[in-house]
Number of protein chains: 2
Amino acid sequence: MKIALAQIDYHIGNFEGNLSKMLAAVESAKEQGADLICFGELAVCGYPPRDFLEFDDFIRQSQASVEALKQVSQGIGIVVGAPSRNPVKAGKDLYNSAYFLSEGEVIGIQHKALLPTYDIFDEYRYFEPATSFQTITFKGKKIALSICEDIWNVGNENPLYTICPLDEMMHEKPDFILNLSASPFDYAHAIARIQVIRANVERYGIPLFYANHTGAQTDIIFDGGSIVMSPDGQVFDEMPYFEECLKVYDLEEVLRGGRSSEQPKNKVQLIHDALVLGIRDYFRKLGFKKAILGLSGGIDSAVTVVLATKALGPENVRVLLMPSQFSSGHSVDDARQLAENLGVAYDIIAIRPMYEAFETALKTQFEGQPFNVTEENIQARIRGTLLMAMSNKFGHILLNTTNKSEMAVGYGTLYGDMCGGISVLGDVYKTEVYELANYLNAAAEVIPKNSIVKPPSAELRPGQKDSDSLPPYEILDPLLFQYIECHQGPRELIEMGFEEALVKRVLRMVNINEFKREQAAPVLRVSSKGFGMGRRMPIVGKYLS
Amino acid sequence: MKIALAQIDYHIGNFEGNLSKMLAAVESAKEQGADLICFGELAVCGYPPRDFLEFDDFIRQSQASVEALKQVSQGIGIVVGAPSRNPVKAGKDLYNSAYFLSEGEVIGIQHKALLPTYDIFDEYRYFEPATSFQTITFKGKKIALSICEDIWNVGNENPLYTICPLDEMMHEKPDFILNLSASPFDYAHAIARIQVIRANVERYGIPLFYANHTGAQTDIIFDGGSIVMSPDGQVFDEMPYFEECLKVYDLEEVLRGGRSSEQPKNKVQLIHDALVLGIRDYFRKLGFKKAILGLSGGIDSAVTVVLATKALGPENVRVLLMPSQFSSGHSVDDARQLAENLGVAYDIIAIRPMYEAFETALKTQFEGQPFNVTEENIQARIRGTLLMAMSNKFGHILLNTTNKSEMAVGYGTLYGDMCGGISVLGDVYKTEVYELANYLNAAAEVIPKNSIVKPPSAELRPGQKDSDSLPPYEILDPLLFQYIECHQGPRELIEMGFEEALVKRVLRMVNINEFKREQAAPVLRVSSKGFGMGRRMPIVGKYLS
């Protein structure tokens, strides 16, 4: 038996686009002699469809796509994910389902049992879990169908769940497992994925074919990396990351095993590739081509513009250099040099005239008040307004350049440098931004060295440095990582050796700035805990604040 | 037996504050001879605690509050909601629990079974549902303990659920039902609440005591309205809305019934009172006192400033009038008149100098480009910057004045008039804003009549009217209501009689503006479907767009 896996960049709600990609994949799989083709979870509508699922019309359109695929299932089995109606009146009225289509018929449906409802996932908001499990027989083979999370409770050892769907099917002695996934990227996920697939294969002693999505849906990035694992527990094949792919595998060869073929898993490279795809797909799926951003001469905007250029091409990236009276000469030079290295168009607009106009306008009200963060924010907001004006006039999307460390502690101006359609580095700590910069400069110096080595500064008052207001990033970032990604509380952090006063200060900064993050741009997610839908915090909460 | 219900304005994560209110209530109940006092759902930590629940420290502090209440349970039974650890390794590691404390001991715990996971609710993200149900015997009475949603599946007829917790307890023949709730306000909720309580009482033939939260937690407002219902199905008592309350009821009297005492339920008044409380609690819980906002002379900012003045006092409200060259003379006069009527401080700052500075700065780039929405947005962003500058300098919170109709169709400038810490009218359609204005003017003309009767306009270009870009609000608002609150899709809307082209145009406007709402201020929720956590839509989704 020949089994095709289709790793596709779906687009939420774009039924026509998704269907046309799937029809092309079916055609190609047929040409390559495949008996069976497997798509991803909720492939017809894209993932995560969120509250679109609450519209009857959305479910009807999903079903129409399943119907269209059924029509082309002559001579090939098609396995595809789609939402389906729960015919029973009790419980949520939808299932997250895998359809098995063959010769113009639905020959089997398996619903998803384990519904992730944590981090970015809300599946229990929409779906009723499956309670019955049967294999599907196709061309003499018994196939265990599973959807994404269904394979993540091996031997019932995952404390989140109380049932193991594949355990329920094994008494039927299936020949192999198919898994339809929509499993989002984080920089450690590819390793975890292979581990869990191996645990399943070792438990059941049969091969597992795993089809994932690729592509970004706003903040959530899918890396592909679809996998075929032989009964020997070796990776028979792992599809490339961050690109579409269709391959046909011979079941006999997979059963024989003895082949190990993995993709390289370098953290910085993975983050880099994810961000480039994240930018590209955000623009493509919204129907935009051109990006704009401000270049400060600092490292964050430098890294962002290089990534944007890779994603969109230098001809589609435009930058503004917006020096104030507090900007160092170096900053403008570094920014200009970077723009020239990349070949992107740049304009220099000094913000002083606008700043002075605001100063004059507020003179009466601000009489006798000292210069403080207010005046810093005015500068940042003038820049935001200039960038948005260019964006509005010429149809650019503004890229936000705030990094995760700043976003965590609220070191940024709402409606100022926090503006943007998408945040490129909002899930990348400052220390990781340096790693990215060095990675981008590995072959040649694209980012001027000075932008990398000089002490970080917002340049909003004379002689300002980040270190005036923040602990050094080498201390701050590990503390933030333990608090945000690892959910360690004050007691645990102090036990780990972080200084008590620092812990209190940093946790307070994180918590009192929830109101800023609430209004931040969506953040391309590359870690296991990004800001956004995956981290839901009260704004008026008085806790560790 | 004497039963006290405590209706309290809790504060998420403010363990000390919540405990001190509860200790005072226990003391007062004891003085009034109560045998038993009942607090709300998750009272120790406030509701909704969201991802704070993922911190061990947060659970420890919750448990410490239960412990402290246990210590004062000499001579009185205390029923209180708190998160508790699931001792079993399978399933989510927390329960949403009701503790029954008496004489320094925990004499019973009932976990919540029905975990709302829709709209603003995410309970299945954190909690394992209860599977066992027992009454608790206290002073010779058998008490059926239930938590909020547990009473919302009467006779298993709610399609969301498959179990009815009270049905499970009835074979023990309880004497009455206690329900600990955290049931958020919407303008139709008080009626629904009484209906569901009545359905329970009629099914079981015993009284029901229902203790709700009051107060606002950012966007989510609790209206109180705690209820005692006699076996005759009459409302023995309904506590006032939007305020704290402690009352002691005699069980014998409640059993006798024959008394009907409800709060008035006028939609506009309810929305008005909810918004005033929403503003007040947002400031109080964040530790702020003073608000600022821009007054345009239009109806939205007029209604907002009146509500703010009621919530915070005129001495704590400051307004800016920021005319542009496109503002009508009337607008400034109306705004000034309103400020004077309210006795709030106002400043007039013309935005022309800043606007001209931006025009000059962008002259090269904008050469040959016609005036368009870009220039309109620049004006809105200058105003946002001025308001935020005042806010930053003097410690005001900026109130956002965008209404729900505008927010829905994206008729507003991101980082401009969409700025603000909290959106006061973002869940109030324009036609409802008029109702509010008339309500506020009922006793005397506070809002100048001209602000109410003149055609709505953003005044960002010569002679501009809302009706240039939008359908009339009398048509737009019902269409939006059917789409947003009632989840009607294009087919159903057209069947209802809305014109097809209009349906397509409006739904497209709603969907393509998701990116703006993603960065909007939190919206005080007064309807059954507000923008924010209760409505989760993809940004890059290509559906009805």
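Would you work out if region B:382-427 is rounded, prolate or oblate? Take a ≥ b ≥ c from the square roots of the eigenvalues of the alpha-carbon gyration tensor; rounded if a/c is under 1.5, else prolate when a/b is larger than b/c, oblate otherwise. Present the calculation step by step, with values, prior to reporting the outcome.
Details: a/c = 4.21, a/b = 1.81, b/c = 2.32.
In terms of gyration-tensor shape, oblate.
Give the whole-number value, in cubic angstrom per residue, of the convex hull volume spanned by the C-alpha atoms of region B:447-511. Can you show the working numbers first?
Working: hull volume 7.6 nm³, N = 65.
Once divided by residue count, the hull of region B:447-511 is 117 Å³.
Can you classify region B:417-545 as rounded, prolate or oblate using the Cα gyration tensor, where a ≥ b ≥ c are the square roots of its eigenvalues, rounded means a/c under 1.5, and otherwise it's prolate if a/b beats b/c and oblate if not? Here region B:417-545 falls in the prolate category. Entry note: chain B has Rg to Rh equal to 1.02, where both radii use alpha-carbon atoms and Rh is the Kirkwood radius. The Cα atoms of region A:85-149 define a convex hull whose projected area, averaged across directions, is 5.1 nm². Between identical copies, the spacing of A:THR162 label points, each set 7 Å from Cα toward the C-beta atom, reads 1.1 nm from nearest to farthest. Pairs spanning more than 30 Å between alpha-carbon atoms, out of A:LYS465/B:LYS363; A:LYS21/A:LYS393; B:LYS30/B:LYS141; A:LYS89/A:LYS247; B:LYS21/B:LYS139; A:LYS21/B:LYS529: A:LYS465/B:LYS363; A:LYS21/A:LYS393; A:LYS89/A:LYS247; A:LYS21/B:LYS529. The average projected area of region A:35-97, computed from the convex hull of its Cα atoms over all directions, is 4.5 nm².
Partner shielding of A:481-491 amounts to 2, given as the average count of beta-carbon atoms from other chains within 10 Å of each residue beta-carbon. Per residue, the Cα convex hull of region A:270-469 amounts to 115 Å³.
What number, rounded to the nearest 500 deg cm²/dmol, is the helix-based mean residue ellipticity at 222 nm of chain B, given -39500 (n - 2.57) per DSSP H run of at least four residues and division by all its residues? Before the final figure, lay out each step's value.
Values: 19 runs with 207 residues, N = 545.
That calculation yields -11500 deg cm²/dmol at 222 nm.
Report the normalised scattering of region A:352-396 as log10 I(q)/I(0) at q = 0.14, 0.20 Å⁻¹, calculated by the Debye formula with identical scatterers on the alpha carbons. Computed log10 I(q)/I(0) values: -0.41, -0.68. Just to verify a number: FRET efficiency for B:HIS330 and B:GLN71, C-beta to C-beta distance, R0 = 56 Å, to 0.05? FRET efficiency, B:HIS330 to B:GLN71: 0.30.
What is the fewest-to-most order of B:VAL409, A:VAL80, B:VAL373 by other Cβ atoms lying within 10 Å of their Cβ? Can you show the working numbers first?
Numbers: B:VAL409 22, A:VAL80 28, B:VAL373 14.
The fewest-first ordering by Cβ neighbours comes to B:VAL373, B:VAL409, A:VAL80.
For region A:268-338, the Kirkwood radius over C-alpha pairs fed into Stokes-Einstein at 4 °C and 1.567 mPa s yields D = 101 µm² per second. Relative to the other identical copies, B:ALA350 shows label-point distances of 2.6 nm, where the label point lies 7 Å from Cα along the Cβ direction and values run shortest first. Evaluated at q = 0.23, 0.26 Å⁻¹, a Debye calculation over the C-alpha positions of region B:165-254 (equal weights, vacuum) places log10 I(q)/I(0) at -1.16, -1.36.
In terms of its C-alpha gyration tensor, region B:2-257 comes out rounded, because the ratio a/c of the largest to the smallest axis stays below 1.5.
Return the equivalent ellipsoid semi-axes of region B:222-268 as a descending list in whole Å, where each equals the square root of 5 times an eigenvalue of the C-alpha gyration tensor.
21, 13, 6
Shape analysis of the protein assembly as shown based on the Cα gyration tensor places the equivalent ellipsoid semi-axes at 43, 43, 28 Å, largest first.
Plainly put, the tip 7 Å out from Cα toward Cβ on B:ALA501 is 7.0 nm from that tip on each other copy, the closest given first. Principal axis analysis of the Cα atoms in region B:391-469 yields extents of 35, 32, 24 Å, listed in decreasing size. Using R0 = 60 Å, the C-beta based FRET efficiency linking B:ARG85 and B:GLU485 works out to 0.95.
With a 10 Å radius around each residue's Cβ, average the other Cβ atoms per peptide and rank B:112-125, B:61-74, highest first. Mind dumping the intermediate values first?
Working: B:112-125: 21.6, B:61-74: 17.3.
Packing order, densest peptide first, comes out as B:112-125, B:61-74.
As an exercise, identify the chymotrypsin sites (Phe, Trp or Tyr not before Pro) in region B:349-440 lying in DSSP coil whose Cβ has no more than 15 other Cβ atoms within 10 Å.
Here the sparse-neighbourhood loop sites are B:PHE371.
Distance between the modelled labels on B:GLN134 and A:GLU495, one decimal in nanometres: 3.2 nm (7 Å Cα→Cβ projection).
Say R0 is 22 Å: what FRET efficiency, to the nearest 0.05, do B:GLU359 and A:GLU356 get from their beta-carbon distance?
Values: r = 15 Å, r/R0 = 0.67.
The value I calculate is 0.90.
Where a number appears in this text, it was derived from the coordinates with a stated rule and is not lab data. Given the structure is predicted, the values throughout are model-derived calculations rather than measurements. Cβ: placed from backbone, ideal geometry, glycine included. Neighbour counts: every protein chain shown.
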